[in-house]
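Input: a single structure, listed below in structure tokens.
The values are calculated or read from the model by the stated rules, or taken from the named source; none is laboratory data. Computed from a predicted structure; not experimentally measured. Cβ placement follows ideal geometry from the backbone for every residue including glycine, while neighbour counts extend to all protein chains displayed.
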């Protein structure tokens, strides 16, 4: 019977050295999020990723529950890295487009009559 070490590996050149299921790029933290945070059953995860076995998913969860601080720390570091990159690059094209649509919709609503505008103080009455 394969041991936990046979199912879960770390290598510096794959997934940033994070613990992952051997032979895949599916990280332990991915399994944790799907199962614990999104409420997916092990069967649902295996159905979504047929390359995985039940044993591999169980091994990933066992790895997480024996090292929760390690995985949570990695997830927090990922979040910090994303926020740093967002700060450096600014909003992407989709965010700019959505913000413009929202502003245009607000302007269209306010054009109907100032009393329907949610922020009347910032609009001039004509």
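Observations on the structure shown:
- In this structure, residue 103 does not satisfy being out of contact with any strand residue (DSSP E or B) (no Cβ under 9 Å at 6 or more places or on another chain), modelled with pLDDT of 90 or more and surrounded by fewer than 11 Cβ atoms within 10 Å (Cβ to Cβ).
- Residue in the stretch 39-47 that is modelled with pLDDT under 95 and under 30 Å from residue 10 (Cα atoms) present: yes
- Candidate set: the stretch 48-92, residues that are at pLDDT below 90 and outside any helix (DSSP H, G or I); chosen: the one surrounded by the fewest Cβ atoms within 10 Å (Cβ to Cβ): 90
- Residue 35 vs. criteria modelled with pLDDT of 95 or more, surrounded by 11 or more Cβ atoms within 10 Å (Cβ to Cβ) and over 21 Å from the mean Cα position of the chain (by Cα): no
- Meets criteria (part of a loop (DSSP other than H, G, I, E, B), free of Cβ contacts under 8 Å to residues at least 60 places away in the same chain, over 16 Å from the mean Cα position of the chain (by Cα) and over 14 Å from residue 34 (Cα atoms)) for residue 95: no
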